[in-house]
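Each reported figure results from applying straightforward, stated rules to the coordinates on display, with no laboratory input. Only a predicted model underlies this, so the values are computations on that prediction, with no experimental measurement involved. Cβ placement follows ideal geometry from the backbone for every residue including glycine, while neighbour counts extend to all protein chains displayed.
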Amino acid sequence: MWFDIVNRFTFEHIYSGEADSLNQLVERAVRNGVNLSEANLMRADLSGSNLRNARLAKAYLYGANLSGADLSGSDLTEAKITKADLTNANLCDANLTAANLHRAELSGANLRASNLSKADLIGARLSNANLTRANMTGAFLTRADLSGANLTDAELTRAELFLTTGLKLPGSFCDDCSAQVYSALFQGR
């Protein structure tokens, strides 16, 4: 089957070819070092894909299925990943600066040492996610679910935490919350 990946703004061709699935074509593009920045991958099924070190800045991944995908080391700066399924995805060391992850499913995701500064995580589910050493400076976490999330050494300076659930801070008034927070930083609030 023939697949074509186009630019979300100009509709110009970025990468195309014969493949059994779009998943297979995207993996091939990443493996060949193709820059998929601004790619339109709306509702794409990329579950289980090896997208390590992918260049997906400003890509449109609205509603995409990235469950179990390896996006470690990838550049997703300003990507629109709204309502996407990233359950158990590996986003270790990924750059998600100013990414739109509004209402994304990130349960069990590995976001260790990822850059989520200024990311929109409003309404996102991050239950049991690994956010160890994640940079979430200025991130919007309103109504996010952090139940069971590991925020050890996470940077949360100026993060918006209004109505966030499952967040437990040492010495906080929220004794029934379950997130493991050992040394999250909140300077500047």
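For the reader, a short list of remarks on this structure follows.
- Members of segment 46-86 found to be closer than 16 Å to Ser114 by Cβ and either touching a residue at least 60 places away in the same chain (Cβ under 8 Å) or hydroxyl-bearing (Ser, Thr, Tyr) (or both), listed by number: Ser72, Ser74, Thr77
- Members of segment 96-119 that are closer than 15 Å to Lys83 by Cα and either surrounded by fewer than 24 Cβ atoms within 10 Å (Cβ to Cβ) or among the polar types (S, T, N, Q) (or both): Asn100, His102, Arg103, Glu105, Ser107
- Residue check for Gly48: farther than 23 Å from Phe140 by Cα and either surrounded by fewer than 19 Cβ atoms within 10 Å (Cβ to Cβ) or small (Gly, Ala, Ser) (or both): yes
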